[in-house]
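FYI, it's all coordinate maths here, none of it is from the lab. Bear in mind the structure is a predicted one, so any value in this text is a computation, not a measurement. In this analysis, Cβ positions are derived from the backbone assuming ideal geometry, glycine residues included, and neighbour counts consider all displayed protein chains.
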Amino acid sequence: MASSKKTKKRTSIRTVKYVISSFTVCITAVFLLFFSTYTIYLTKNITQKQCEQDCKTIAQAYSHVVNAFLEKIETSLYVFAFNDYVIEGSTSQIVKHIIAHNYMKPHYFSTLFFVDLNGKLTTSEGMVTDASDREYFKKLKDLKPYDFVVGDITSSKTKGIPSIQAIVPIYSSDMKLKGGIGASIDLIALQNSFDDSRINFQGRIFLLDKNGLFIAHPDKNFLMKKYTPSVEAYKEITSEVVSKQRQGTFDTISTTGEKVRIFFLPVDNTDWTVGVSVPYSYIFNLYNILRMLQIFSIVVIVVIIVIFVSIGYFSIFKINKSYDPITDLYTQEKFESKARKLLKKHKDSRFVLIDADLRGFKFINQNYGEVIANKILVKFGNILKEKTDSVKGICGKGYADHFYIFAKITSPGKTIEYFNNTIDNINNLLKQEDFPIHAKYGISFLYPEKVTLSSRKTIKNLIGEASFAKSLIKENLTKEFEIYSPKIEEKIRYEQKIEHNTEKAISNDEFFVMYQPKIDLETDKIVGAEALVRWKSSDKDLGLLNPGQFIPLFERNGFIEKLDFIVYEKVFKFLRNQIDIGNPVVPISVNMSRNHTKSDKINNFITNFISAVEKYKISPELIEVEILEQSVANDKILLQKIIEELHYKGFSIAMDDFGSGESSLNMLSSIPIDVVKYDQNFLRHNNLKDSYEFISSLVELGKKLNKKIVFEGVETKEQRDFLKSIKCDLAQGYFYSKPLIEEDFINFIKKYK
Ligand code: C2E
Ligand code: CA
Ligand code: CA
């Protein structure tokens, strides 16, 4: 199929394009991801190395600061030691000297003291204590001139604050050791000087002695103490371990509980270790930012890919949704949206919407197979498309065999004319080798000049109207299209209402019978009557209904078969009642619907009819059955059978509305009916005189065949007089009486029998 190939081609070009671009997007995404990961990896290394480098530099710088500080201490001590009083003098002179020069001691000396060889220590403030247990004292004996020694970290003997003691030896001019001059250095003061020299740096600096005690620490509470991290994983990394190892790097938990990386190295010329601790978050700050950026970009890439994939998917999907795969016409959805656009563009134009389908398409589909059925759809689609294109309209395909056309028109009249001229051409084109195919069309027009803005119809409204109009076309081929009008819709609504109220009508007993007298023209006396049904509906909108308003519908939906028997029962009951109370009665004619005159229904009808008559014990001579000429015209054998069976039971038969159908007058000779009721139309000619001759011959013929002749619809005296003059038997009509309710009918009989 050419058109489905077109759609496939369209779809596959899109698919290829889509796959290629998806592939490109994915490759780019993967590359970007790889690139960013590598960059981040590099950055991570660089930042780490950079940080390590910085920290080492800082640690070294601090090592120098410490050394410089120690040198300052040494220098200060020698300022006191290099003095003739000290070198030459006695112990008491030395003590006097330092006491006298106490004011000269630097601020970071908490005490200045002299210790003799027995360990007796005298401070520059004159306090005396025993220092023989101190480490620096033990080292004093081994010190050479100009040496300098720093002792362990301790609480100072005199003030009890965390301190370190430094000492220089004092030799006499004959090189005899006399003792040493030393100082206690307040660690807090030391720490303060560290704090003062702090450079702009995120890390913290600490100083450990050889036993792992803090000599300097930003938190002064830790001075002279050791530290063990409280977190299990880092328990091993104690200050002792660091001071033993002297140089290296550890990841641990700081005294503030933060995750940190520490870099540490020995302080030159001492057994101390200086360390720098830097928070992890700082080291990895850039790295973390980059990582976040990466995660963000991954999310963005994924979102882009998802959007891209779905756009691609939907665009392919949309193609499939826009074109019918069999006919390559627009799908209904697309058709509607295109039509809406066209309508919007030409707000003041007239339009036509056509809903078409193929008659018996289901039958074709089931009996000839899908392939042929599709072939026909394609053919029909192509024909419609070609016709539509020629008027710049839009053509679409709905469900199954439904097709839609929407086009701008100049006038509905011209459109119908064009349509009428084109239908045969379409049917010819549609014809398959061995069977004809016909379409039927529902048409709806849009006249912008006739609508107010608020009642403007939408495309959906127009489709609804067109398909409604189409639904009114019967399956026989007499009509090819129907045009929507609000009137037909009104009629349908009305019928729907009637249908809706039928059940209720039975249960409420809303049907009743009226009787129209039949008069003997010779005597002017009543000789019979016809039973005619009426419906007094409890629905206010319906009210009192004449048979013309509901019988055609009941014939279509079959309810007439039931209604006839409701009428029969009422008639028989009425007769029975009249007889029982001794009122005079006349034979009654009842109408038999064309629905009963079907070969599969007639037996049932006769049986039920007879049993209804028997139920009320009505004599058959009192009953006449009116059969419609049109209902039996085509089946003489069936008519024969009906008449025979009813005759057998003693009923008489009238042929109703004779002359309204196509039966020939000759037919009367071969059918044993008793009464001929000529159709009312014979009397409806404008000038009755023109048809006198014809009516005379009708009556004459009937009489010749020994039938009783009835004319109904006799309304005027002229009609009555004429019929009387030609010896017509009976008359029924408004001239004598309209159909009467039971009570009036009883009185009529009493008066005219
Ligand atoms: P129909 O059997 O031909 O009944 C005669 C119709 O002509 C009646 O209309 C009657 O009221 C009307 N008619 C009588 N005289 C005149 C007249 O002088 N002038 C005019 N213009 N009309 C006259 P109605 O009662 O409206 O019934 C219409 C049709 O409905 C009947 O035509 C009959 O075919 C059908 N019908 C009525 N009752 C029944 C029924 O119980 N069962 C069946 N199956 N059909 C019924
Ligand atoms: Ca009748
Ligand atoms: Ca009639």
Requested in this report: Sum up the charges of everything whose Cβ sits under 11 Å from the Cβ of Ser411, counting Lys and Arg as +1 and Asp and Glu as -1, but leave Ser411 out.
Outcome: +1
Report task. Restricting to the range 193-334, compute how many DSSP beta bridges are antiparallel as a %, nearest 5. Result -> 95 percent
Report summary line: In nm, the gap between the two label points placed 7 Å beyond Cα toward Cβ at Arg576 and Ser297 is 10.1 nm
Query raised in the report: For the range 339-440, what is Rg from Cα atoms divided by 2.2 N^0.38 Å, rounded to two decimals?
Result: 1.15
Query - Computed over the range 494-606, Cα set: Rg, Dmax in Å - result: 15.8, 47
**Report entry** Test item: Cα-centred dipole of the range 595-753, Lys/Arg +1 and Asp/Glu -1 on Cβ, debye
**Finding:** 420 debye
**Report entry** Dipole in debye (nearest 20) - the chain, about Cα centre, beta carbon charges: Lys, Arg +1; Asp, Glu -1
**Finding:** 1580 debye
Requested in this report: Only residues of the range 279-321 count here: report those whose backbone N is under 17 Å from the spot 7 Å along Cα→Cβ of Ser22, or say none.
Outcome: 302-321
Report summary line: To the nearest 10 degrees, the tilt of helix 332-345 (Cα long axis) against the first principal axis of the alpha carbons of the chain is 90 degrees
Query raised in the report: If one takes the longest principal axis of the Cα atoms in the chain, at what angle in degrees, from 0 to 90 and to the nearest 10, does the Cα axis of helix 370-390 lie?
Result: 90 degrees
Query raised in the report: Relative contact order for the range 62-146: what is it in percent, counting Cα pairs under 8 Å that are at least 6 residues apart?
Result: 17 percent
Report task. Treating cross-link reach as a plain straight distance, find the lysines whose alpha-carbon is under 16 Å from the alpha-carbon of Lys649, omitting any fewer than eight places away in the same chain. Result -> Lys615, Lys617, Lys641
Report summary line: From fewest to most C-beta neighbours within 10 Å, the residues Leu563, Leu70, Leu353 line up as Leu70, Leu563, Leu353
**Report entry** Per DSSP, loop trypsin sites (Lys or Arg not before Pro) in the range 513-599 with at most 14 further Cβ within 10 Å
**Finding:** Lys540, Lys598
Query raised in the report: Tally Lys and Arg at +1 and Asp and Glu at -1 over the other residues with C-beta under 13 Å from the C-beta of Asn508: what net charge comes out?
Result: -2
Requested in this report: Please state, rounded to one decimal and in Å, the Kirkwood hydrodynamic radius that the chain gives when every pair of distinct Cα atoms enters the mean of 1/r.
Outcome: 39.4 Å
Requested in this report: Among DSSP beta bridges whose residues both lie in the chain, state the antiparallel percentage, nearest 5.
Outcome: 75 percent
Query raised in the report: P(r) tail for the range 228-299, what percent of Cα pairs lie past 15 Å?
Result: 61 percent
Query raised in the report: Going from the alpha-carbon gyration tensor of the range 494-544, what semi-axes, largest first and in whole Å, does one get by taking the root of 5 times each eigenvalue?
Result: 33, 10, 8
Query raised in the report: Can you pull the Rg over Rh of the range 614-753, Cα-only, Kirkwood?
Result: 0.98
**Report entry** Radius 13 Å from Cβ of Asn211, net charge of other residues (Lys, Arg +1; Asp, Glu -1)
**Finding:** 0
Query raised in the report: Mind listing which trypsin sites (Lys or Arg not before Pro) in the range 157-192 are in a DSSP loop and have 16 or fewer other Cβ atoms within 10 Å?
Result: Lys159, Lys176
Requested in this report: Quick one: compute the contact order of the range 219-300, relative version, from alpha carbon pairs under 8 angstrom and 6+ residues apart, as a percent.
Outcome: 18 percent
Query raised in the report: Can you give the relative contact order of the chain as a percent, counting alpha carbon pairs under 8 Å and 6+ residues apart?
Result: 8 percent
**Report entry** Exceeding the 29 Å Cα-Cα cut-off - candidates Lys470/Lys601; Lys220/Lys259; Lys689/Lys753; Lys362/Lys408; Lys338/Lys387; Lys457/Lys540
**Finding:** Lys470/Lys601; Lys689/Lys753; Lys362/Lys408; Lys457/Lys540
Report summary line: Out of Phe711, Ile376, Gly558 - ranked by how far each Cα lies towards the positive end of the dipole of the chain, with unit charges on the beta-carbon of charged residues - the top one is Ile376
